[in-house]
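The values are calculated or read from the model by the stated rules, or taken from the named source; none is laboratory data. Please read these numbers as outputs of a predicted model, since none were measured by experiment. With ideal geometry, Cβ positions are generated from the backbone for all residues, glycine too; neighbour counts draw on all protein chains shown.
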């Protein structure tokens, strides 16, 4: 996409003015992470995004990754950009100092991940997979394993992957067949095929560390019989350096509709040497550390696409002359008016803006929760943050990517016929983003996770914890009559959210299909309500700044106007979602299979 600019000002607004990150970092023990220091780092990250990553985005899409005889070559400029990333210290920023990291908080690096992805989605996936690999090792690895693998991963000279999916099992990991046979030296020999492995093979790092799910010989069936293994591309010699090639090879790469410069590999394990991580048959629980990081990361990819698409559409709408305004000429010296004067173009632009900025607030809030789970010394705060994060993670993954489908579609539509022409980059954003709704668990999988596992599985307690926060905030500003309508809308929606949950639970007690029938609409409802909560908070902060006499009047007025648009035109979508939820499962499940029609 031409002319990408990292949204530094809005990110800093969310961090410092909305969520109080200065105090948050001090409370977590990061006193050095002052607003000035964070802003200086972000300035450099913005330059890297705009000047290094964005210029090679189009060539990555055009050329893609090349595969020949098991070797994957990334597009021109990708390897060099990665070396700049490593040399700049970006890989090690939020990693522990004891293994060579800089010891800065998780959230600092994750905010920048949006910019890297917005500038170049394909490239950003390589370090993104490494982050999940490192998180799994830190959480579940032994000291010896951490000492062996973390320093090089943190340095960035090695990268990581996660290997879950097999040809016969996608989200249903209980069907997994990859086997791990014990060796005499305490290692294991892994045999099987994994598919859809992002960054499974490439030319950007000296070694690739695969985190692999497999079954031990005596493992029970289903998900309770899965173990987790570390399988390096190159086995390590006595000095801890890459030595002989391990028996894991890339069999092919997928030809995809988007993110073409991110290698999506078929990986063949042919007696590959692996090291057990965590307890036997407890691998899926360990892998959830990786998966949860990846789900938040995928949601941020959706956010980045919404922002990039908005930037491109806004720039075009300001310049493109077509027709005259219905209320009179706005550009009398030109042959037509810029298309931004037309109500429908403004509808699309404001939808993009409201979604991007609202979703950013929710995403950064979740990053703050992750910080608390990682660094807080307060056990109660840690537990509360974990509960909220459990509820919000599937919403972040699915809502941010589903709404990105809409925003990138609007981006193409604003361009009209030019929207599907490659040179503008808007159709690439739409193609890349479409994939985000499917990997790391489809929207339907995330919705079932939210409704069945998180909400019903906790007997509603996870939802109540977050609902209490929202209601307490609404109560705290009820005296502010300027925002009464929006406050009442958020508060009443939270009450309705709890009631809908109760109603679904009652129906599901006699018919479990009610959960599946309601799940996606339920998740989208939850997303609109949660983003509504953050738009209310942003509006209140913006008004406070205006009342104080800010020099950035346009910025804060924009927040207020965008909040109005959100509550008038986007929050109201919950009405149709409630109607669909209340219609129940019968209109789906009573439909006979034969009525779908014949297939040859």
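Just a few scattered comments:
- Within region 102-179, helices (runs of 4 or more DSSP H) holding 1 or more residues that are assigned by TED's automatic domain parsing to the domain that holds residue 309: none
- Qualifying residue in region 247-259 (condition: closer than 24 Å to residue 150 by Cα, in contact (Cβ under 8 Å) with a residue 60 or more places away in the chain and over 24 Å from the mean Cα position of the chain (by Cα)): yes
- One residue stands out among those in region 326-339 that are surrounded by 15 or more Cβ atoms within 10 Å (Cβ to Cβ) and free of Cβ contacts under 8 Å to residues at least 24 places away in the same chain: the one that is nearest to residue 306 (Cα to Cα), which is 338.
- Matching option when the condition is under 22 Å from the mean Cα position of the chain (by Cα) and surrounded by fewer than 21 Cβ atoms within 10 Å (Cβ to Cβ), among 16, 57: 16
- Selected residue (criterion: surrounded by the most Cβ atoms within 10 Å (Cβ to Cβ)) from residues of region 469-486 that are touching a helix residue (DSSP H, G or I) at 6+ places or on another chain (Cβ under 9 Å) and either outside the structural domain of residue 564 (by TED's automatic domain parsing) or more than 21 Å from residue 388 (Cα to Cα) (or both): 486
- Evaluation of residue 94 against (1) in contact with a helix residue (DSSP H, G or I) (Cβ under 8 Å, 6 or more places away or on another chain); (2) buried (at least 18 other Cβ atoms within 10 Å of the Cβ); (3) in a helix (DSSP H, G or I) (one fails), failing number: (3)
- Given (1) buried (at least 20 other Cβ atoms within 10 Å of the Cβ); (2) within 24 Å of the chain's Cα centre (by Cα); (3) closer than 15 Å to residue 530 by Cβ, index of the condition residue 441 fails: (3)
- Residue check, residue 319 over 27 Å from residue 207 (Cα atoms), surrounded by fewer than 20 Cβ atoms within 10 Å (Cβ to Cβ) and in contact with a strand residue (DSSP E or B) (Cβ under 7 Å, 6 or more places away or on another chain): yes
- Pairs meeting the criteria (first residue in region 439-460 and on the phi > 0 side of the Ramachandran plot, second residue surrounded by fewer than 17 Cβ atoms within 10 Å (Cβ to Cβ), beta carbons under 8 Å, at least 6 apart or on different chains) are 441/171; 460/498; 460/502; 460/505.
- Per-region count, region 416-429, residues under 24 Å from the mean Cα position of the chain (by Cα) and either farther than 22 Å from residue 129 by Cα or not assigned by TED's automatic domain parsing to the domain that holds residue 311 (or both): 3
- Residue in region 266-280 that is over 24 Å from residue 72 (Cβ atoms), touching a helix residue (DSSP H, G or I) at 6+ places or on another chain (Cβ under 6 Å) and surrounded by 19 or more Cβ atoms within 10 Å (Cβ to Cβ) present: yes
- Within the option set 129, 164, 176, 150, being modelled with pLDDT of 95 or more and either in contact with a helix residue (DSSP H, G or I) (Cβ under 9 Å, 6 or more places away or on another chain) or farther than 22 Å from residue 441 by Cβ (or both) holds for one residue only, 150.
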